[in-house]
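Here the structure comes first, spelled out in structure tokens, and everything after it is commentary.
The values are calculated or read from the model by the stated rules, or taken from the named source; none is laboratory data. All figures in this text were calculated on a predicted structure; none of them were measured in a lab. Virtual Cβ from ideal backbone geometry, glycine too; neighbours counted across all protein chains shown. The protein model used for the area step is the full one, side chains on, heavy atoms only, and it has no ligands, DNA or RNA in it. Shrake-Rupley method; radii C 1.70, N 1.55, O 1.52, S 1.80 Å.
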Amino acid sequence: MAAITQFIWFGLVSGSLIALGALGLTLIFGILDFINIAYGEYMALGAFIAYGLNTSTELPIYAVAVVGLFATGPLAVAMDKLVFQHFRDRSSIVLLVVSIGLAFILRNLIRVIWGSGSKRFDVPIEAAPTYFGVQILADQVAIVALSLVALGVTFLLLRRTDIGVAMRAASDDTDLAQLRGVDTERLVTYVWLVGGIIAGLAGVMLGLDGQLRPTMGFLALIPIFAAVILGGIGDPVGAVVGGYAIGLLQEVSVIVIPTEYKPLVGLALLVVGLLVRPDGVFGEATR
């Protein structure tokens, strides 16, 4: 029983990371109608920017984390202006291919700047205290708490602000939103900014939970993409629910299957979800 509880805790930590990344990815899809494969590299850049400051200055981890996540927001906006904006009138397949090319460029840029080896944040390594038979690290608590705060703030933004209302309106029908006076070009900038900040935060937390590698974003994108599909593409609530579901099932599955097969659980859940509920967890159409 203690082992199951331990893996459930690991699943909650993993699910927090997946859910946060899935939320940012699905927000971008809702407005721009394409899956940005380079989103994983945005996450990695946020983590490596924080790592660079963490190892070259005496700033604490929470300070460099703030710099990392807020640097990724403007970076995402810049990538849109430099790259995606020129292909926005093309099909979503063209944008998808462009995002794959951008992902390769950013991944190799990380290799050039920080090298190809594994890195770790310069934080104290402490023994994990045990509570009710479950070992819980302070970093893990921070990941779960920050993820919940970020998810809460994002949903408040979507529900309680004019920008959030405009985002939801444009996600439902961009042409109608334009007719109602929504400045869609400015809205696209806001979406990239919010999505980039979420990516930066998710990347820093992902690095805090393990090691930093140039491929960390791409590998994280696999369960994140599965969560977005499972929850219904363009549905923020479904993406978050899908993220926690995949995180929990992946970690609990190691009780019965070898650890190296853990990523296959997310893909299996994706297939089952598409067969049982092809419109997503809450019935939102998967476009």
Rounded if a/c under 1.5, otherwise prolate or oblate - the stretch 1-102, Cα gyration tensor axes = oblate
query = DSSP H helices in the chain with Cα extent of 30 Å or more along the helix axis and mean Kyte-Doolittle hydropathy at least 0.0?
reply = 2-32, 61-82, 92-114, 138-160, 184-209
inquiry  = Once you place label points 7 Å from the Cα toward the Cβ at ILE136 and ASP122, how far apart are they in nm?
reply    = 3.1
query = So what's the net charge close to SER16: Lys and Arg +1, Asp and Glu -1, counting the other residues with Cβ under 14 Å from its Cβ?
reply = -3
query = Hey, what number do you get for the chain at 222 nm if only DSSP H runs of n ≥ 4 count, each worth -39500 (n - 2.57), divided across all residues, to the nearest 500?
reply = -24500 deg cm²/dmol
query = Can you pull the percent of the chain's accessible area that's carbon plus sulfur, 1.4 Å probe, other chains left in place?
reply = 67
message = If you take every residue apart from TRP114 with its C-beta less than 15 Å away from the C-beta of TRP114, what net charge results, scoring Lys and Arg +1 and Asp and Glu -1?
response = +3
task = Within the stretch 196-234, which residues have the backbone N less than 14 Å from the label spot 7 Å out from ILE257 along Cα→beta-carbon, could you tell me?
result = 223
Chymotrypsin sites (Phe, Trp or Tyr not before Pro) within the stretch 4-35, DSSP loop, no more than 15 other Cβ atoms inside 10 Å = none
request  = Pull out a ≥ b ≥ c, the square roots of the eigenvalues of the alpha-carbon gyration tensor of the stretch 13-54, then state rounded if a/c is under 1.5, prolate if not and a/b is larger than b/c, and oblate in the remaining case.
outcome  = oblate
key: Filtered GluC sites (Glu not before Pro), the stretch 25-127: DSSP coil and at most 12 other beta carbons within 10 Å   = GLU58, GLU126
query = In whole angstrom, how far apart do the alpha carbon centroids of the stretch 58-75 and the stretch 109-163 sit?
reply = 12
query = For the stretch 76-182, what does the alpha-carbon gyration tensor say about shape, rounded, prolate or oblate, given a ≥ b ≥ c as the root eigenvalues, a/c under 1.5 as rounded, and a/b over b/c as prolate?
reply = oblate
task = Kindly report the accessible area of the chain per residue (heavy atoms of protein chains, probe 1.4 Å, no ligands, DNA or RNA), in Å².
result = 48
